[in-house]
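To keep things clear, I will list the structure first and then write my remarks on it.
The values are calculated or read from the model by the stated rules, or taken from the named source; none is laboratory data. What you see is a predicted model, and the numbers here were worked out from it, not measured in a lab. Note: ideal-geometry Cβ built from the backbone for every residue, glycine included; neighbour counts use all protein chains shown.
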């Protein structure tokens, strides 16, 4: 039987024959052009190389499939304890960063006006390092080494930032400023409560009940793959035991979508809700009494050293966080608060998580302290299913820092005043921008930017754009020139992680000390790029002999050998291995044995490189001297700090600006890669633009329809975004993603969307001094479509 | 003969979309720019779709985001409409697409109730040096053909070759598609639905198991496990 299909097939075949045979029209020739030159990826000898992803701070161990000299696939390394053979979408897109067409060809020197890539001309590495090294040597010889500022951004805990920081100290400056402070508020909360300044690690896979106070636990968490793997276990990994997740936030985030319950509070009241829950727990006597009696200070009113009465947690909760008051402030019915309190106190291992939203957005300290109160009340501190404190891997000390001019420079005050004016802060980039412009307390003469793009990703982008013009030497290490690099004097492109050897220490949020190793996968870099660590080693040699003595390694491999020999001498831990190896090491160490599986440093080197690295999987619960380093030796609950910062006034129908960081573009990077641009908001087809989520009632009041263009106006600036009318956000707010709106970043990021960080009011968190990313209110109105938009 | 199928546990899934990007990287899917994306011409063999379009503002999120690959139906509606036999279900149950035979009529994209078939509106482009990352295991589709999820069928060929070289039968873990391999939450499982001892067979017997648009009689081989308090 000759069916319709076969007939059609023949007809088309005949037409094709005729067309190719001769007398084909231009259209037909064009049609067959694609068939004439198919793209056939070449084959070649294959090998697998182990490396460490640095597209975020997560530090996932990866396996790279090489075909000839090409890297064709990046997958998780199954033996690596962070990735466990899995990867997030960013990690999957790593090859787009490696082979990105807009990577800088090599060192670039600016010859024309700032802000334009065409102002830059190629230079050799020797010219670049010669000139920059000479300038740095001059500044130091003039006795002003403190005038050199190093800013670091995202990326992993690899050798690049470690060597750069050591270089700066050896050079004689204490001006290392970290741009990304996503973990800062949580770390400060831990410092106040436990005396340990570090981002807490969560034992999620052993928890039964998680109360997420606006956290991005399932989005741009510190080590997203590690957290998501733990979440899978928390839900369905334990027979007959399913963890429950309750999420409190004014917006239905991706984390909220996965939660069992979304509690939509009014903007900025997550901490108030948590303390309402705490008040109910204490009021009903549901807290863990043995734990509170043994480990907690500050529950009752006390007289401090000066004889003043300090209110205890119990009285603060009873007076300030009564049920009806919390109900009125948060908009959550009292019975929901009471139910959550009873569930939280009785669920087994309960855990409250503060509102960290991503590498840029730390959340307010008040909300983190409130989460800490809940954890302390139920004993979720250093317990299975609770808050853990990570231990540093026992890497060897590096050679001592030079004295003389270096020591004098390090003793000068920091430009950003962090640690002094604002004692709780480790870095204050926004204050740095002001100090640079004011040239006080002294002038910044050089600014080195390692993975940091403050003109895009700080809380004061425009202040930074202006400040940079006041610095005589600005050097960016951006591989794909970013917004700040476009304003710099030099771009020294850093290598992609697949182009270098590296050693990563424990990523934030992972409780075990670990050291991950990377071998270069590609025989030579795709572009004339160099590892930042190697550049700083070279600069040390060029600036002064005492710097070279402080950083004595001739290349990265020499440094790696130094580290691994020290690690071997520490006599603990094991090379990474299977789940069975992990259980074995844990059992042996728990019984007081050390079973490393290697004897010599050379054996450790080989075996650690074959598996992905070294780690120590044994966590010693209840090592209180390590995890409680407060004066009292207890968890200090500070009732006096538990007052929410005043809310920004609601003037004339303005809306609270809620910022969030989608995982693909978190930390202000990722928009460069088209695969990540395409997945900004799951479930929505339209991407490649900044959207503003507005509640239907609010939209009706404003006369805005779905997909209309709207203008968001703050006292600082304004932007245009596409309205998304949705009940995913509460009526008093407008939610906008952070990560789009770059000038630089290559063809797929440049001029796509708008940067809401420009809208931020210069408000500070009153408790710690971090920028308050949640304190801005904006006016929303209909707008004309921006130029160049479809 | 194995009946290959997938189980996706929505209680584990966090909508991170690692599967989406893993699929594109594995299968040489070209990146789309903002213009093609706005025209709905971006190709993605695996998408996250909102299962329930209703959005509710209340205590329980009504929104569910569901990874949607080709369902590799036992009775696929897309194959009978193909006029040139470019798509058919093979003996192991894969709904395959034969690109050189496809004439781009797009009957199949219309017939597919899951809308998981994509048409190549233009010749795929990888601006140099991006073509360096192309996998040699998967052909690059020309303009004018329809393409779709293959359950990473090429991985089955490689796994079979490997097993044969080692003189042993194929094991369950030897062959998993790229999306399953990367899933950080371990929400996806893959294997032989007809082997009662396989993980997918065990999971698909769960009281939480359901299939999408099952009422159409398509017999999808992708099984979903609903969120919820109960069930194994």
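Is it true that residue A:568 is under 30 Å from the mean Cα position of the chain (by Cα) and either modelled with pLDDT of 95 or more or not in a helix (DSSP H, G or I) (or both)?
Details: under 30 Å from the mean Cα position of the chain (by Cα): no; either modelled with pLDDT of 95 or more or not in a helix (DSSP H, G or I) (or both): yes.
Spelling it out, it is not the case that residue A:568 is under 30 Å from the mean Cα position of the chain (by Cα) and either modelled with pLDDT of 95 or more or not in a helix (DSSP H, G or I) (or both).
Could you check the stretch B:152-179 and list, in sequence order, the residues that are touching a helix residue (DSSP H, G or I) at 6+ places or on another chain (Cβ under 8 Å) and either away from chain A (no Cβ under 14 Å) or assigned to a helix (DSSP H, G or I) (or both)? Spell out how you get there, then give the answer.
In the first step, residues of the stretch B:152-179 are kept if they are touching a helix residue (DSSP H, G or I) at 6+ places or on another chain (Cβ under 8 Å); the result is B:152, B:155, B:159, B:162-163, B:169-172, B:174-179.
B:155, B:159, B:162, B:163, B:169, B:170, B:171, B:172, B:174, B:175, B:178, B:179, listed by residue number.
Somewhere in the stretch A:739-751, is a residue under 23 Å from residue A:253 (Cα atoms), out of contact with any helix residue (DSSP H, G or I) (no Cβ under 7 Å at 6 or more places or on another chain), within 13 Å of another protein chain (Cβ to nearest Cβ) and assigned to a loop (DSSP other than H, G, I, E, B)? Can you show your working first?
Initially, the stretch A:739-751 is screened for residues under 23 Å from residue A:253 (Cα atoms), giving A:739-741.
Right, trim to out of contact with any helix residue (DSSP H, G or I) (no Cβ under 7 Å at 6 or more places or on another chain) and you get A:741.
Then drop every residue that is not within 13 Å of another protein chain (Cβ to nearest Cβ), which leaves none.
No.
Filter the stretch A:82-95 down to the residues that are more than 7 Å from chain B (Cβ to nearest Cβ) and buried (at least 23 other Cβ atoms within 10 Å of the Cβ), then identify the one that is farthest from residue A:671 (Cα to Cα).
The selected residue is A:82.
Could you figure out which of (1) assigned to a helix (DSSP H, G or I); (2) in contact with a strand residue (DSSP E or B) (Cβ under 8 Å, 6 or more places away or on another chain); (3) within 14 Å of chain A (Cβ to nearest Cβ) isn't true of residue B:189?
(1)
Considering only the stretch B:102-113, state which residues are in a loop (DSSP other than H, G, I, E, B) and closer than 17 Å to residue B:144 by Cβ.
In the first step, residues of the stretch B:102-113 are kept if they are in a loop (DSSP other than H, G, I, E, B); the result is B:102-106, B:112-113.
Matches in the stretch B:102-113: B:102, B:103, B:104, B:105, B:106.
Do you know which residues across the stretch A:96-138 are within 14 Å of another protein chain (Cβ to nearest Cβ), in contact with a helix residue (DSSP H, G or I) (Cβ under 9 Å, 6 or more places away or on another chain) and surrounded by fewer than 17 Cβ atoms within 10 Å (Cβ to Cβ)?
A:101
Within the stretch A:610-625, can one find any residue that is surrounded by fewer than 12 Cβ atoms within 10 Å (Cβ to Cβ) and assigned to a helix (DSSP H, G or I)?
Yes - at least one qualifying residue is present in the stretch A:610-625.
Taking residue A:141 and the conditions (1) more than 21 Å from residue A:451 (Cβ to Cβ); (2) surrounded by fewer than 20 Cβ atoms within 10 Å (Cβ to Cβ); (3) in contact with a strand residue (DSSP E or B) (Cβ under 8 Å, 6 or more places away or on another chain), which numbered condition does it fall short on, given that it satisfies the others?
(3)
Test residue B:149 against the stated conditions and say whether it is crowded, with 20+ Cβ neighbours inside 10 Å, at pLDDT 95 or above and part of a helix (DSSP H, G or I).
Working: crowded, with 20+ Cβ neighbours inside 10 Å: yes; at pLDDT 95 or above: yes; part of a helix (DSSP H, G or I): no.
Against the criterion (crowded, with 20+ Cβ neighbours inside 10 Å, at pLDDT 95 or above and part of a helix (DSSP H, G or I)), residue B:149 does not qualify.
Of the residues A:444, A:383, A:408, which single one is in contact with a strand residue (DSSP E or B) (Cβ under 8 Å, 6 or more places away or on another chain), outside any strand (DSSP E or B) and either surrounded by 17 or more Cβ atoms within 10 Å (Cβ to Cβ) or modelled with pLDDT of 95 or more (or both)?
Details: A:383 fails: in contact with a strand residue (DSSP E or B) (Cβ under 8 Å, 6 or more places away or on another chain); A:408 fails: in contact with a strand residue (DSSP E or B) (Cβ under 8 Å, 6 or more places away or on another chain).
Going through A:444, A:383, A:408 in turn, just one is in contact with a strand residue (DSSP E or B) (Cβ under 8 Å, 6 or more places away or on another chain), outside any strand (DSSP E or B) and either surrounded by 17 or more Cβ atoms within 10 Å (Cβ to Cβ) or modelled with pLDDT of 95 or more (or both): A:444.
Quick one: would you say residue A:170 is in a helix (DSSP H, G or I), under 23 Å from residue A:443 (Cα atoms) and more than 14 Å from every other protein chain (Cβ to nearest Cβ)?
Values: in a helix (DSSP H, G or I): yes; under 23 Å from residue A:443 (Cα atoms): yes; more than 14 Å from every other protein chain (Cβ to nearest Cβ): yes.
When the stated conditions are applied, residue A:170 passes them.
Let me spell it out: the conditions are (1) in contact with a helix residue (DSSP H, G or I) (Cβ under 9 Å, 6 or more places away or on another chain); (2) touching a residue at least 60 places away in the same chain (Cβ under 8 Å); (3) farther than 22 Å from residue A:219 by Cβ, and residue A:703 meets all of them except one. Which number is the exception?
Every listed condition holds for residue A:703 apart from (1).
Could you please find all residues in the stretch A:691-712 being farther than 12 Å from residue A:781 by Cα and either over 30 Å from the mean Cα position of the chain (by Cα) or away from every other protein chain (no Cβ under 12 Å) (or both)? Give the steps one after another, and end with the answer.
Keep residues of the stretch A:691-712 that are farther than 12 Å from residue A:781 by Cα, which gives A:691, A:693, A:695-697, A:706-707.
Scanning the stretch A:691-712 gives A:691, A:696, A:697, A:706, A:707.
Identify, from the list B:32, B:38, B:2, the residue that is within 8 Å of chain A (Cβ to nearest Cβ) and surrounded by fewer than 21 Cβ atoms within 10 Å (Cβ to Cβ). Break it down stepwise before answering.
Numbers: B:32 fails: surrounded by fewer than 21 Cβ atoms within 10 Å (Cβ to Cβ); B:2 fails: within 8 Å of chain A (Cβ to nearest Cβ).
Only one candidate passes the filter, namely B:38.
In the stretch B:82-101, which residue that is part of a loop (DSSP other than H, G, I, E, B) and more than 8 Å from every other protein chain (Cβ to nearest Cβ) is farthest from residue B:154 (Cα to Cα)? Talk me through it step by step, then tell me what you get.
Within the stretch B:82-101, the subset part of a loop (DSSP other than H, G, I, E, B) is B:82-86, B:90-94, B:98.
Then keep just the ones that are more than 8 Å from every other protein chain (Cβ to nearest Cβ); that gives B:86, B:90-94, B:98.
Values: B:86: 18, B:90: 14, B:91: 15, B:92: 13, B:93: 14, B:94: 12, B:98: 13 Å.
Ranking the candidates gives B:86 first.
For the stretch A:214-283, please list each of the helices (runs of 4 or more DSSP H) lying entirely inside it that holds at least 1 residues being at the interface with another protein chain (Cβ under 8 Å from one of its Cβ atoms) and touching a residue at least 12 places away in the same chain (Cβ under 8 Å). I'd like the intermediate steps shown before the answer.
Numbers: elements: A:224-236, A:254-258, A:270-283.
The helices (runs of 4 or more DSSP H) meeting that bar are A:224-236, A:254-258.
Please go through the stretch A:578-587 and pick out each residue that is over 20 Å from residue A:395 (Cα atoms) and surrounded by 12 or more Cβ atoms within 10 Å (Cβ to Cβ).
Of all residues in the stretch A:578-587, those over 20 Å from residue A:395 (Cα atoms) come to A:578-584, A:586-587.
Scanning the stretch A:578-587 gives A:581, A:582, A:583, A:584, A:586, A:587.
Kindly provide the set of residues from the stretch A:639-672 that are crowded, with 24+ Cβ neighbours inside 10 Å and either at the interface with chain B (Cβ under 8 Å from one of its Cβ atoms) or not in a loop (DSSP other than H, G, I, E, B) (or both), ordered by number.
Of everything in the stretch A:639-672, those that are crowded, with 24+ Cβ neighbours inside 10 Å and either at the interface with chain B (Cβ under 8 Å from one of its Cβ atoms) or not in a loop (DSSP other than H, G, I, E, B) (or both) turn out to be A:655, A:657, A:658, A:660, A:663, A:664, A:665, A:666, A:667, A:668.
Search the stretch A:365-380 for residues being part of a helix (DSSP H, G or I) and over 22 Å from the mean Cα position of the chain (by Cα), and hand back the single one that is surrounded by the fewest Cβ atoms within 10 Å (Cβ to Cβ).
Initially, the stretch A:365-380 is screened for residues part of a helix (DSSP H, G or I), giving A:365-377.
Checking the rest, the ones that are also over 22 Å from the mean Cα position of the chain (by Cα) come to A:370, A:373-377.
Working: A:370: 28, A:373: 30, A:374: 25, A:375: 23, A:376: 30, A:377: 28.
Across the stretch A:365-380, the extreme among qualifying residues is A:375.
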